[in-house]
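What follows is a single structure, written as structure tokens, with notes after it.
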Amino acid sequence: MVNKIIHYVIYCLINIIRIFRLTELYQPTFNPNNITFVRNKSYARESSERIEIIVVHIDLKTISTYLDIGSQLGYFVYKINELNHDILATGIEMNEISYMYSELLGILNKTKNVAFMNSELTSETAYNMPCYDLVSFLNVFHHIVHFKGFSEADKIMKCLYKKTNKYFIFETGQYNEKGLYWSNDLSFMGNSPTQWVFEYLQMLGFSDVKMVSKFKTHLNSEERGFFICTK
């Protein structure tokens, strides 16, 4: 009876967040039990499609630990763990509501081997993190460049390279996406932003860098390069 009450309260909290849009609904809600939530189909980013690309290029049976940076509603963390329950999957998210949403989903779905941290990623926190077999850093880099400067973003990337045991997945806003608050901060990418990203990831030291796909966002019609790097 107590568990049913707890689950009902969690269900209500998740729906309150969705009804009042207390955080942005970028990702789908991880929902293995097909629970009906308010605005069940409301999300802005092609997340399942990205997971499909990851599965094609990475054998998740070889992965023991996974970190998703900027994990938002936790979709990537839960899906990677769902595909291999032995993976210890972790998300780091600085938005408190998104972090809480992710945690609530874990309780509701009784998920094991999944954890979340409510923290901002800085070069210091990146330096102090443990190593992971698989790291994804999706659509966060450009925000760090805007708010903290390229030097700090570069330090973080160099730390993440050292913390990656096997695979690093990367996607970022690009200079060809005009009119956004961070657009001009990416002028260093020039007129070929995906080429800049490719060369930058190579410079970090990855032995193999591949742009495996391109994805649109809800912000404009431009497509962002989706990269998978091998250590």
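Laboratory data are not the source of any read-out in this text; all were calculated from the coordinates shown. Just so you know, these numbers come straight off a predicted model, no measurement behind them. All Cβ positions, glycine included, derive from the backbone under ideal geometry; neighbour counts span all protein chains shown.
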Among the residues of segment 176-202, count how many are of a type in the set (F, W, Y), over 12 Å from F141 (Cα atoms) and within 20 Å of the chain's Cα centre (by Cα). 2
Taking segment 202-218 as the search range and keeping residues that are touching a residue at least 24 places away in the same chain (Cβ under 8 Å), assigned to a strand (DSSP E or B) and not small (G, A, S), which one is surrounded by the most Cβ atoms within 10 Å (Cβ to Cβ)? F215
Residue count, segment 24-47 (criterion: surrounded by 15 or more Cβ atoms within 10 Å (Cβ to Cβ) and either touching an Asp or Glu at 6+ places or on another chain (Cβ under 9 Å) or small (G, A, S) (or both)): 2
It is to be established whether one or more residues within segment 149-170 are surrounded by fewer than 13 Cβ atoms within 10 Å (Cβ to Cβ), over 25 Å from V56 (Cα atoms) and in contact (Cβ under 8 Å) with a residue 12 or more places away in the chain. no
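I want to confirm something. Restricting to segment 155-195 and keeping residues that are assigned to a helix (DSSP H, G or I) and touching a Leu at 6+ places or on another chain (Cβ under 9 Å), which single residue is nearest to R224 (Cα to Cα)? Write out each step before concluding.
The first filter runs over segment 155-195 and keeps only residues assigned to a helix (DSSP H, G or I), leaving 155-163, 183-189, 193-195.
Those left that are additionally touching a Leu at 6+ places or on another chain (Cβ under 9 Å): 156-158, 160-161, 163, 193.
Working: I156: 21, M157: 18, K158: 21, L160: 21, Y161: 21, K163: 24, P193: 9 Å.
Applying the filter and picking the extreme gives P193.
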Can you work out which of the residues in segment 189-201 that are farther than 20 Å from I53 by Cα and of a type in the set (S, T, Y) is surrounded by the fewest Cβ atoms within 10 Å (Cβ to Cβ)? S192
In segment 92-138, residue surrounded by the most Cβ atoms within 10 Å (Cβ to Cβ) [restricted to those that are over 29 Å from K61 (Cβ atoms) and of a type in the set (G, A, S)]: S98
Segment 219-231 - residue that is outside any strand (DSSP E or B) and farther than 24 Å from D59 by Cβ and, of those, nearest to the chain's Cα centre (by Cα): L219
Step by step: first the residues of segment 74-95, then only those that are under 18 Å from I107 (Cβ atoms) and among the β-branched types (V, I, T), then the one that is farthest from the chain's Cα centre (by Cα). Which residue is that? T90
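So for segment 175-196 (the condition being basic (K, R), closer than 23 Å to R45 by Cα and without any contact (Cβ under 8 Å) to a residue 60 or more places away in the chain), does at least one residue qualify? Explain how you work it out, then say what you get.
Within segment 175-196, the subset basic (K, R) is 178.
Next, from what is left, pick out any that are closer than 23 Å to R45 by Cα: 178.
With the extra rule that they be without any contact (Cβ under 8 Å) to a residue 60 or more places away in the chain, the set shrinks to 178.
Scanning segment 175-196, I find at least one residue that is basic (K, R), closer than 23 Å to R45 by Cα and without any contact (Cβ under 8 Å) to a residue 60 or more places away in the chain, so the answer is yes.
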Flag if I58 is crowded, with 18+ Cβ neighbours inside 10 Å, over 26 Å from T125 (Cα atoms) and either touching a Cys at 6+ places or on another chain (Cβ under 6 Å) or aliphatic (A, V, I, L, M) (or both): yes
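Please count how many residues of segment 112-131 are assigned to a helix (DSSP H, G or I) and touching an Asp or Glu at 6+ places or on another chain (Cβ under 7 Å). Write out each step before concluding.
As a first pass, look at segment 112-131 and keep what is assigned to a helix (DSSP H, G or I): 123-128.
From what's left, touching an Asp or Glu at 6+ places or on another chain (Cβ under 7 Å): 123.
The total comes to 1.
Tally the residues that are charged (D, E, K, R) and closer than 11 Å to F226 by Cβ, restricting the search to segment 53-69. First the steps, then the outcome.
Step one: list which residues in segment 53-69 are charged (D, E, K, R), which gives 59, 61, 68.
Okay, now just the ones that are also closer than 11 Å to F226 by Cβ, so none.
Here the count works out to 0.
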